[in-house]
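Chemist: Sending over a structure as structure tokens; questions will come in a sec.
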Amino acid sequence: MERVLLLTHTDVDGLLPKATFETLNAVQTAVEGLDQAHFTIGIIGRDVQEAANRLAGFGAECIWGVSGPEFEHSRYATDASAAETICRKAEATLVLAPATSRLARILPGVAYRLGGRIDTHATEVAVANGVVRIERWCYRQRMEVRMHRTHRPWIITTDPGSLKPRRSRPGSVQIEFLSVETPEVYRRTKTIGVDDPPEDEQTIRSEASLLFVAGAGWTKPQDDGKVHAKRAEGIILDFLKKSRASLGCSKSLVDIRRDGQPVLSFLTHMNQVGQTGSTPRHPKGLATCCHGEEPHVVGWRFIDERRAINLEANCGWAQGKADVLYVADAFEVMAKVNQLLKEESEAPARADAFEDAPLKECVGAR
Ligand SMILES: Cc1cc2nc3c(=O)[nH]c(=O)nc-3n(C[C@H](O)[C@H](O)[C@H](O)COP(=O)(O)OP(=O)(O)OC[C@H]3O[C@@H](n4cnc5c(N)ncnc54)[C@H](O)[C@@H]3O)c2cc1C
């Protein structure tokens with residue numbers, strides 16, 4: 001009989017990361033699909049009571065807690081010991097955890113300590129004929145793999161954004177606290193503060209409803225034969241500020257920095273989407289001045305609704321992979337979008353605002 005453990009931690013606000021509720025979706029699928037599985041929850045954090053109360057409605061047989069000031073911040077030695085202690089106490093055969101940066105860094109080591117196995121980046125968990133299987137993407141999101149394991153314990157981390165979060169009414173739960181040894185040597189690494197860029201400089205926003213992808217066209221000579229990189233910067237930053245969209249870019253756009261060509265100063269390889277970049281998950285995507293196969297085929301893999309603006313009606317990737325291709329000048333369109341957003345500044349992010357913009361032609365694709 002499987003013993004399923006949901007393993008998670010609190011955030012600095014003492015509550016649970018959203019990804020926990022997504023992993024709960026997988027946990028419930030596993031527990032409901034299995035015959036008489038046990039289900040428990042383990043939480044690590046400074047104070048885990050409020051977080052545990054949020055999980056009151058999910059029917060866990062027991063909620064284990066490891067708490068105290070030494071578990072407030074992410075730290076390999078203390079977190080790994082806490083997770084190992086919870087897994088052993090729960091006698092977990094199947095451990096499901098959200099792939100937050102805090103858990104992703106410790107769980108491979110925890111799997112080793114437990115003599116278990118780990119699979120990361122799961123995007124789905126299912127049960128068929130009493131067998132738990134997971135799905136994940138391989139070869140930079142080009143192939144979908146379904147797999148199962150007989151080895152136990154089996155630790156599975158689910159990718160944030162890939163499953164629908166499950167919520168229930170908070171309640172009041174009793175936690176069974178576990179004590180974990182934290183010798184001085186475990187506590188050598190100390191968090192002395194968090195140095196975050198100001199919100200306006202933070203262009204990667206994983207929770208945003210829109211991904212705005214900038215391609216190298218923004219820094220290419222335009223109709224007048226000149227490059228307008230500064231104007232492009234202004235338009236893009238203005239749009240990001242108004243729409244709260246997340247900024248992705250093609251590889252070419254960041255690579256040209258090396259070649260001494262005009263660049264958009266706020267872009268780094270962290271923004272890059274595609275085979276050698278990231279494959280973010282946002283409900284909507286808008287690619288601008290972008291031709292490349294990788295950003296369209298791989299970088300957009302998990303975007304639900306995709307649109308592109310390109311001067312080139314024959315841009316094969318934009319036509320083949322975007323739901324709507326606007327054949328138009330992105331400088332003009334985005335300036336108009338910014339103007340519309342300014343006029344309706346009280347409205348939330350409007351991914352569809354550019355429908356009113358000066359489009360030369362609109363080609364439906366897919
Ligand atoms: C092994 C390998 C891995 C790679 N991995 C990645 C990856 O992970 N991610 C990635 O992005 N690339 C990757 N690439 C590069 C990729 O193949 C493309 O070369 C690259 O994505 C092209 O970038 P781009 O579309 O921004 O620029 P370009 O190909 O230069 O396209 C610019 C586009 O802008 C349009 N344009 C210009 N001005 C305007 C305007 N005013 N309004 C509207 N449109 C305009 C043009 O019509 C053109 O279509 C990889 C390549 C290789 C070989």
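The values are calculated or read from the model by the stated rules, or taken from the named source; none is laboratory data. Everything numeric in this text was worked out from a predicted model, so none of it was measured. Every residue, glycine among them, receives a Cβ derived from its backbone with ideal geometry; neighbour counts consider all protein chains shown.
Chemist: Would you mind listing the helices (runs of 4 or more DSSP H) fully within the range 280-366 where at least 1 residues are surrounded by fewer than 14 Cβ atoms within 10 Å (Cβ to Cβ), at pLDDT below 85 and away from the ligand (no atom under 12 Å from the Cβ)?
Modeler: Details: elements: 293-297, 316-321, 330-343.
Those helices (runs of 4 or more DSSP H) span 316-321.
Chemist: Quick check on Lys220: is it at pLDDT below 95, away from the ligand (no atom under 16 Å from the Cβ) and either surrounded by fewer than 19 Cβ atoms within 10 Å (Cβ to Cβ) or hydroxyl-bearing (Ser, Thr, Tyr) (or both)? Steps first, answer last, please.
Modeler: Values: at pLDDT below 95: yes; away from the ligand (no atom under 16 Å from the Cβ): no; either surrounded by fewer than 19 Cβ atoms within 10 Å (Cβ to Cβ) or hydroxyl-bearing (Ser, Thr, Tyr) (or both): yes.
No; evaluated as a whole, the condition is false for this residue.
Chemist: OK, next. Contact list please: Cβ distance under 6 Å, first residue in the range 170-191 and touching a residue at least 40 places away in the same chain (Cβ under 8 Å), second residue assigned to a loop (DSSP other than H, G, I, E, B), pairs at least six apart or on different chains.
Modeler: What qualifies is Pro170/Arg54; Thr189/Arg75; Thr191/His73.
Chemist: In addition: Pairs only if they're at least six apart or on different chains, beta carbon under 7 angstrom, first in the range 307-320 and closer than 17 Å to Lys284 by Cβ, second more than 9 Å from the ligand (Cβ to nearest atom) and of a type in the set (Val, Ile, Thr); list them, first residue then second.
Modeler: Arg307/Val324
Chemist: Now a separate question. Would you be able to tell me the number of residues in the range 245-271 that are near the ligand (Cβ under 6 Å from one of its atoms) and in contact with a strand residue (DSSP E or B) (Cβ under 9 Å, 6 or more places away or on another chain)? Reasoning before the result, please.
Modeler: From the range 245-271, those near the ligand (Cβ under 6 Å from one of its atoms) are 250-253; that's our starting set.
From what's left, in contact with a strand residue (DSSP E or B) (Cβ under 9 Å, 6 or more places away or on another chain): 250-251, 253.
Result for the range 245-271: 3.
Chemist: In the range 75-109, how many are farther than 24 Å from Val125 by Cβ and out of contact with any Leu (no Cβ under 9 Å at 6 or more places or on another chain)? Explain how you work it out, then say what you get.
Modeler: Filtering the range 75-109 for residues farther than 24 Å from Val125 by Cβ gives 75-78, 81, 85.
Those left that are additionally out of contact with any Leu (no Cβ under 9 Å at 6 or more places or on another chain): 75-78, 81.
Qualifying residue count for the region: 5.
Chemist: If you don't mind, another one. Need the failing condition index for Cys138 against (1) surrounded by 13 or more Cβ atoms within 10 Å (Cβ to Cβ); (2) under 18 Å from the mean Cα position of the chain (by Cα), just the number.
Modeler: Among (1) surrounded by 13 or more Cβ atoms within 10 Å (Cβ to Cβ); (2) under 18 Å from the mean Cα position of the chain (by Cα), the lone unmet condition for Cys138 is (1).
Chemist: Sticking with this structure for a sec: Being assigned to a helix (DSSP H, G or I) and over 28 Å from Leu340 (Cβ atoms) narrows it down to one residue among Val185, Val194, Val180; which is it?
Modeler: Val185
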